[in-house]
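Here is the structure we will look at.
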Amino acid sequence: MSTLTINKNNNFQQTNIISLKNVQPRETIYDVKDLNLWYGDTHALKGIDLSFFDKEVTAIIGPSGCGKSTFLKTLNRLVELVPGVRTTGLITYQGKSILDQSVEELRTRVGMVFQKANPFPKSIYENVAYGPKIHGIRNKKILDEIVEKSLRSAFLWDEVKDRLHENAYGLSGGQQQRLCIARCLAIEPDVILMDEPTSALDPKSTLKIEELIQELKKNYSIVIVTHNMQQAARISDRTAFFLNGEVVEFDQTDVIFNNPNDQRTEDYIRGRFG
Amino acid sequence: MKYLDMTAVSRRMNFRLFKNKFAKVMFICSTLFGLIMLAILIARVFTQGIGWLNLDFLTGKLSTDPDRAGIMGAILGTAWLMLIVAPVTMILGVGTAIYLELYAKPGRLKSFIQTNISNLAGVPSIVYGILGLTVFVRAMNMGNIVLAGGLTMALLILPIVIVSSQEAIRAVPQHLSEASYGMGATKWQTVKNIILPASLPGILTGAILALSRAIGETSPLVVIGIPALLIPFPSSIFDKFTVLPMQIYYWTLDSSLVAEYAYLAAATIIVLLIILLILNSAAIFIRNKFQQRF
């Protein structure tokens, strides 16, 4: 973190330095510098500076419409699908600007799980095998192995191993979301972006996904957008608080929840607005 | 003090109820009008034509003698025509729809093309006939063969196929293509593996309905100059041909000379109706069977 930067995010810069002192330093995988984004004339993201670290879960919290999901989609450039989007600033992924590589390559390293479970209208097997297939794996045996491994990693294998070739829409909502996670794991990404993955699920399925995230953390870096503050507190190592397209505060999760630096964070955490 | 005066309400109640019932009766009458006309038409066609409809009629060659006349030539002509129309419209129509929906950047050019396609769908079919006559029959010197007629018909239904395919493609939820792009798929892989399979039932339904329009269409072929009396069967796309609605047209035209021609026309109408019924049922079947929920 640059200590020379003097801007409106002064607070956050300082807290970040403090926090970095008392955790073991991890490798930075994503570095976002002065990211601005406009939808037409609407300035949706304003001067975002954030870093994500290897094998950590970073939660992004904030009220609806604060730009959390938009921010997540800029990380894998999926936001470019929206017409009329303009961005400035620099996002580096493992030291290299995300604009300097093909989107296809970037999205192979950075998987995404969406808010609404969105399996393809294909069989469970075909859903998981989709990623490897588009990246050129044709060998049936290897595909079988990938499918089994991914479904096991998503804690779904035992529930679906006898009906791999049935339509994915026959699964329950929670199972569909875990299938989407398995499908994402099948492309062996380094980072998984999750956009409110449990907001459409019942508490039991939510718990399962949270357990899964704890497990995945050992091998993947995870950035998760969530509406649910208890969820952020339970599963994340670091938390960023977004408000009106700005990062108000970014720190270790227990600092954000127990001793926030900014009054607005405090108010949001305590449920005074949002 | 109440605003509503109950005595006034009661006084007007009967008239309100009358208007209520009147509206209902009007709507039923509108529906019945169409249904009754259709019933009369079908009844008349069937009573006139059913007696003439037999295997010899279906498989026979055309003849000036009503007792020996058959419509195999027209059936084959229709089949050959569809052999041109179906692939040409599917390839060009779906290709255009994919380009417009998935590749073309929104802007003036796209809305210009879009407006023109919608306008083309409203151009009278006889104008397409004149286009076909000018371009295919005369300029390209094909003559009035299956290929020329098929290309003309393909142009006629192309706007319909494009618009219905566009709707089918637009109906594929965004979150499916996002999932595919999110895994690093290219645009073409996403189109081929996700968007096209998901929109295929809709595309096919639209295409079949458009084809059945082409099967029943007459005026472009009149302009192209399809022969009134054609004895030999067409055996390739370079042969002269006639189709079922043309046969109906000429027989009806000549029924003032030979009265039996009217019955032959009626029998041919039955055949045409059955073919259209089968095609429309196929469209409904495909729509229901392969309709996916997302």
Are any residues in region B:154-192 among the polar types (S, T, N, Q), part of a helix (DSSP H, G or I) and at the interface with chain A (Cβ under 7 Å from one of its Cβ atoms), and if so, which ones?
-> B:Gln189
Go through region B:1-113 and tell me which helices (runs of 4 or more DSSP H), entirely inside it, have 3 or more residues that are loosely packed, with under 10 Cβ neighbours inside 10 Å.
-> B:6-49
Only one of A:Ile209, A:Ile213, A:Ile181, A:Ile192 is hydrophobic (A, V, I, L, M, F, W, C), assigned to a helix (DSSP H, G or I) and within 13 Å of chain B (Cβ to nearest Cβ); which?
-> A:Ile181
Considering region A:98-120, residues that are within 8 Å of chain B (Cβ to nearest Cβ) and assigned to a strand (DSSP E or B), and then whichever is farthest from A:Lys68 (Cα to Cα), we arrive at A:Gly111
Determine whether region A:155-175 contains at least one residue that is within 16 Å of the chain's Cα centre (by Cα) and touching a residue at least 40 places away in the same chain (Cβ under 8 Å).
-> no
Inside region A:25-74, can you point out the residues that are more than 21 Å from A:Ser199 (Cβ to Cβ) and within 14 Å of chain B (Cβ to nearest Cβ)?
-> A:Gly40
Complete set of residues in region A:75-97 that are under 18 Å from A:Ile29 (Cβ atoms), buried (at least 16 other Cβ atoms within 10 Å of the Cβ) and away from chain B (no Cβ under 13 Å) = A:Ile91, A:Thr92, A:Tyr93
Enumeration of residues in region A:34-91 that are in contact (Cβ under 8 Å) with a residue 60 or more places away in the chain, over 13 Å from A:Val247 (Cβ atoms) and of a type in the set (Lys, Arg) = A:Lys55, A:Lys73
Which is modelled with pLDDT under 90, among the aliphatic types (A, V, I, L, M) and over 30 Å from A:Asn76 (Cβ atoms), of B:Ala214, B:Ala283, B:Ala265?
-> B:Ala283
Pairing a residue in region A:121-140 that is within 8 Å of chain B (Cβ to nearest Cβ) with any residue that is modelled with pLDDT of 95 or more and part of a helix (DSSP H, G or I), where Cβ atoms lie under 6 Å and the two sit 6 or more apart in sequence or on different chains, gives A:Ile134/B:Gln189
Keeping to region B:251-262, report how many residues are surrounded by fewer than 22 Cβ atoms within 10 Å (Cβ to Cβ), of a type outside the set (D, E, K, R) and assigned to a helix (DSSP H, G or I).
-> 6
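Residue by residue through region A:233-261, note down the ones that are under 15 Å from the mean Cα position of the chain (by Cα) and part of a loop (DSSP other than H, G, I, E, B).
A:Ser236, A:Asp237 - these are the residues of region A:233-261 that are under 15 Å from the mean Cα position of the chain (by Cα) and part of a loop (DSSP other than H, G, I, E, B).
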Residue among A:Ile192, A:Ile209, A:Ile187, A:Ile213 that is surrounded by 19 or more Cβ atoms within 10 Å (Cβ to Cβ), without any contact (Cβ under 8 Å) to a residue 40 or more places away in the chain, over 26 Å from A:Gln263 (Cα atoms) and among the aliphatic types (A, V, I, L, M) | A:Ile209
Answer yes if at least one residue in region A:158-177 is surrounded by fewer than 21 Cβ atoms within 10 Å (Cβ to Cβ), in contact with a Lys or Arg (Cβ under 8 Å, 6 or more places away or on another chain), more than 22 Å from B:Asn193 (Cβ to Cβ) and within 14 Å of chain B (Cβ to nearest Cβ), and no otherwise.
-> no
Out of curiosity, is A:Ser102 surrounded by fewer than 19 Cβ atoms within 10 Å (Cβ to Cβ) and out of contact with any strand residue (DSSP E or B) (no Cβ under 7 Å at 6 or more places or on another chain)?
-> yes
Can you tell me which residue among B:Val243, B:Val222, B:Val258 is at pLDDT below 90 and farther than 22 Å from B:Val94 by Cβ?
-> B:Val258
Could you pull out every one of the strands (runs of 3 or more DSSP E) wholly within region A:25-69 that has 3 or more residues that are in contact with a helix residue (DSSP H, G or I) (Cβ under 6 Å, 6 or more places away or on another chain)?
-> A:57-61
Provide a single number: the residues in region A:196-206 that are closer than 30 Å to A:Ile98 by Cα and either more than 13 Å from the chain's Cα centre (by Cα) or surrounded by fewer than 22 Cβ atoms within 10 Å (Cβ to Cβ) (or both).
-> 2
Residues (more than 19 Å from B:Val243 (Cβ to Cβ) and more than 12 Å from the chain's Cα centre (by Cα)) located in region B:138-163 = B:Arg138, B:Ala139, B:Met140, B:Asn141, B:Ile162, B:Val163
Somewhere in region B:257-264, is a residue touching a Phe, Trp or Tyr at 6+ places or on another chain (Cβ under 7 Å), among the acidic types (Asp, Glu) and over 30 Å from A:Ala117 (Cβ atoms)?
-> no
Looking at region B:215-238, is at least one residue among the aliphatic types (A, V, I, L, M), assigned to a helix (DSSP H, G or I) and within 14 Å of chain A (Cβ to nearest Cβ)?
-> no
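The values are calculated or read from the model by the stated rules, or taken from the named source; none is laboratory data. Note that the structure is predicted; figures quoted are calculated from it, not measured. FYI the Cβ positions are ideal-geometry reconstructions off the backbone, even for glycines, and counts take in every protein chain you see.
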